[in-house]
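Values quoted throughout were computed directly from the atomic coordinates according to the rules given, and no laboratory measurement underlies them. Since we're looking at a predicted model, the values are computed, not measured. In this analysis, Cβ positions are derived from the backbone assuming ideal geometry, glycine residues included, and neighbour counts consider all displayed protein chains.
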Amino acid sequence: MAGGAREPGRSVTSKVLAVLGAFDAAHPRLTLTDLARRSGLPLSTAHRLVAELVDAQVLSRAPDGRLRVGMRLWELGQLATGRLHEAARPWLQELFTATGENVHVAVRDGLEVLYVDKVYGRRAVPIVSRTGGRLPMHPTGVGKVLLAHEPDWFVTAYLARELERPTPYTITEPGRLARELDAVRDRGYALTHEEMTLGSCSAAVPVTVDGRVVAALGIVLSSRRSRELPRLIEPLRTTAAAIARGCASLPVS
């Protein structure tokens, strides 16, 4: 791609990444002008890059003419978590069928949790997680599990940041959060109560393959039913073990 390559200080690759980075959950569709503004690129450069990315199906145009992420990028994204997604999907469905509650599996990506898959129903409590979406680690059950099993240096660095507080109940004090993570690691599961979203609570357990925590499995209920969470730990553990066996048995592609 040759568009705008002569602009000083920025490679073509950095410009393409800036274009793709302009899209997020709050901005899934953008006009060319908005895309140029959010990516920090001149309109002419954005126009040239977008034309090539649309040709390559990395971007596509919605019926209203706005730009959106294309199917080719979605296909590539599936390669990153495809093995886990393939192993988890039937077991997530089975757990949802047994409980009727929101269930999801997530991995750590940087300082956030990335939701690989989710199964939910109309009667389940509304939650903010979505497949392919990201949330902070410390307010979520799956995030607490993943954070608790990171090396000490990572946890120390994470706690040293200014932590988001989505609700008044989110634990952000470093000392208290560190003790909570120790408890999660010791007992083998995490519980949250209205830390990410008011009105919901959650439980989560690790998915361990060859002695390494590769993901976390979680379930979300209405906070009015928080007393039911302890009885869901064993079904979560059973499902997590099945997912782990599935991951171990799938060929590495």
Q. Tell me, in nm to one decimal, what length is gained between R89 and D152 on full extension, where the rule is 0.36 nm per residue of separation less the Cα-Cα distance?
A. 19.5 nm
Q: Please give the direction-averaged projected area of the C-alpha convex hull for the chain, in square nanometres with one decimal.
A: 15.9 nm²
Q) From the backbone phi of the range 51-62, what are the Karplus-calculated ³J(HN,Hα) couplings (6.51 cos²θ - 1.76 cosθ + 1.60, θ = phi - 60°) in whole Hz, Gly and Pro given as x? A) 4, 6, 5, 5, 4, 8, 6, 6, 10, 9, 9, 6
Q. Based on the mean of other beta carbon atoms within 10 Å per residue, what is the order of 12-19, 140-147, most packed first?
A. 140-147, 12-19
Q. Order of S60, S223, S200 from fewest to most other C-beta atoms within 10 Å?
A. S60, S223, S200
Q) Over the Cα atoms of the range 133-189, how large are the radius of gyration and the largest Cα-Cα distance (Dmax), in Å? A) 10.5, 28
Q: Kindly rank 100-106, 186-192, 171-177 from highest to lowest mean number of other beta carbons found within 10 Å of each residue.
A: 100-106, 186-192, 171-177
**Q.** Potential lengthening between A98 and D34 on full extension [0.36 nm per residue; Cα-Cα distance subtracted]
**A.** 18.6 nm
**Q.** FRET E, pair R161, R61, Förster distance 41 Å, beta-carbon r, rounded to 0.05
**A.** 0.60
Q.
In Å and on Cα atoms, what radius of gyration and Dmax does the range 12-69 show?
A. 10.0, 28
Q | Nearest-0.05 FRET efficiency for L17 and E173, computed from C-beta distance (R0 35 Å) | A | 0.45
